[in-house]
Amino acid sequence: MPANNLSRFIQSYFVISTGIYCKKQTDIQTTPNSNQFLKNHPQGSVDLMFTLRGEGVNIITADNQNNQFNDIFILAQQEGKFEIKFAEDLFIVGVVFYGESFKKLFNFPLQEISNSGLRVSDDLNDSYDEVHYKLQQSITDYEIVTTLNSFFTDQLTHLDFSFTKFDQLIQHIRLTNGQLQIDQISQLSNLSSRTLQRKMKELIGVSPKSYSSIMRFKQVMNMLSTNTTTNWQDILFNCGYYDQAHFIKDFKKYTGHTPNSFLNNDSSLSYFFASQNN
């Protein structure tokens with residue numbers, strides 16, 4: 001897990017491995033099968049990934065764009081279900097940034113790469129190549145986490161990381177699981193709806209309405225990942241859905257399945273990332 005001084009900005013670290021690297025079992029790891037696409041739901045976060053071994057990943061976004069990413073890359077905000085295929089004998093270390101935090105470290109145009117990603121190996125300073133190399137030499141969980149904590153702590157010391165009122169507003173949407181209405185968000189921000197939308201897209205890559213909807217559905221996935229029995233009515237009520245039709249519409253949009261068919265399909269990747277929030 002991120003060090004205490006980083007927990008305000010970074011949600012979690014994770015490892016994804018396939019093939020021969022599946023032998024390394026860790027508490028921050030998932031081991032998907034390679035050579036098949038797995039569905040995942042939007043997380044409301046921005047991920048920075050370091051490919052340590054293997055050929056990287058293929059990602060098919062909700063609008064059927066097929067992208068290949070390797071080395072160091074960003075997976076930006078996704079607004080619909082997306083699918084990932086992991087190369088054989090792959091080892092990736094990922095850093096999950098809260099929506100309001102990523103822009104503070106990286107001056108990338110998130111609005112332009114939303115629902116996609118960006119290979120950034122050539123666009124970062126030399127310190128990222130250095131930490132990439134250190135991660136490649138790491139053997140244990142402890143070494144991976146220590147390397148990441150040391151690196152990002154050093155990054156924070158060089159930047160102004162004071163949180164603005166707008167950062168706090170984005171954080172508030174996240175912490176209330178997207179259950180604020182858009183007019184409430186506008187009132188809290190003291191901005192017009194148009195200005196609010198422009199500012200949100202600039203900072204996190206998606207509109208306030210889209211981000212709120214993703215956060216609400218993320219709570220659905222959190223509940224599914226922790227409950228041994230599924231009571232859809234309880235989930236609807238606790239996650240702020242007013243009717244079943246709206247709930248099913250969001251479920252299809254974010255997973256590609258109806259609620260019941262989701263339970264009967266391979267949803268291991270969605271459950272893995274949902275577990276990182278708990």
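Structure summary
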{"quantity": "Separation of the Gln184 and Asp234 label points, Cα + 7 Å toward Cβ, nm", "calculated": "2.3"}
{"quantity": "Under the Debye formula (equal points on every Cα, no solvent term), log10 I(q)/I(0) of region 47-157 at q = 0.14, 0.16, 0.19, 0.24 Å⁻¹", "calculated": "-0.58, -0.76, -1.07, -1.51"}
{"quantity": "Charge-dipole axis of the chain as Lys and Arg at +1 and Asp and Glu at -1 on Cβ define it, positive-most pick from Phe37, Tyr211, Phe82", "calculated": "Tyr211"}
{"quantity": "Loop-located chymotrypsin sites (Phe, Trp or Tyr not before Pro) in region 131-190, at most 15 other Cβ atoms within 10 Å (DSSP)", "calculated": "Phe161, Phe163"}
{"quantity": "Choice from Ala245, Ala87, Ala76 with maximal GNM fluctuation in the chain (Cα, 10 Å cutoff)", "calculated": "Ala245"}
{"quantity": "Hull volume in cubic angstrom per residue (convex hull over the Cα atoms of region 165-275)", "calculated": "108"}
{"quantity": "Added length on full extension, which subtracts the Cα-Cα distance from 0.36 nm per residue, Asp122 to Arg53", "calculated": "23.0 nm"}
{"quantity": "Calculated [θ] (222 nm, deg cm²/dmol) that DSSP helices of n ≥ 4 give over the chain, each run adding -39,500 (n - 2.57)", "calculated": "-12500 deg cm²/dmol"}
{"quantity": "Selected from Leu224, Thr195, Gly178, residue furthest toward positive end of dipole (region 165-275; charges at beta carbon)", "calculated": "Thr195"}
{"quantity": "Phi to ³J(HN,Hα) by Karplus 6.51 cos²θ - 1.76 cosθ + 1.60 over region 45-56, Hz, x for Gly, Pro", "calculated": "10, 10, 10, 9, 10, 10, 7, 9, 8, x, 9, x"}
{"quantity": "Relative contact order (%) - criterion: Cα under 8 Å, at least six apart; region: the chain", "calculated": "22"}
{"quantity": "Region 165-275: relative contact order in percent, alpha carbon pairs under 8 Å with at least 6 residues between", "calculated": "23"}
{"quantity": "In order through region 100-116: 3J(HN,Hα) via Karplus (6.51 cos²θ - 1.76 cosθ + 1.60), integer Hz, x for Gly, Pro", "calculated": "7, 9, 4, 4, 6, 9, 10, 8, 9, x, 4, 5, 6, 10, 4, 6, 7"}
{"quantity": "Region 4-157: relative contact order in percent, alpha carbon pairs under 8 Å with at least 6 residues between", "calculated": "28"}
{"quantity": "Listed values [x] 29, 24, 17; [y] 43, 23, 20; [z] 48, 25, 20, entry calculated as semi-axes √(5λ) of the Cα gyration tensor in Å", "calculated": "[x]"}
{"quantity": "Distance between modelled label sites at Ser193 and Asn70, nm, 7 Å Cα→Cβ extension", "calculated": "4.6"}
{"quantity": "Choice from Ser114, Ser261, Ser193 showing the highest fluctuation, given a GNM over the chain with Cα pairs closer than 10 Å", "calculated": "Ser261"}
{"quantity": "Out-of-range pairs (alpha-carbon distance over 32 Å; input Lys103/Lys252; Lys134/Lys253; Lys39/Lys103; Lys165/Lys252)", "calculated": "Lys134/Lys253; Lys165/Lys252"}
{"quantity": "DSSP-loop chymotrypsin sites (Phe, Trp or Tyr not before Pro) across region 205-250, with at most 10 other Cβ within 10 angstrom", "calculated": "Tyr242"}
{"quantity": "Among Lys165, Lys218, Lys134, residue whose mean-square fluctuation peaks in a GNM of the chain (springs only between Cα atoms under 10 Å)", "calculated": "Lys165"}
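A short reminder: the numbers here are calculations on the coordinates, not readings from a lab. The structure displayed is predicted, hence computed values, not measured ones. Positions of Cβ are backbone-derived with ideal geometry, glycine not excepted, and every protein chain shown enters the neighbour counts.
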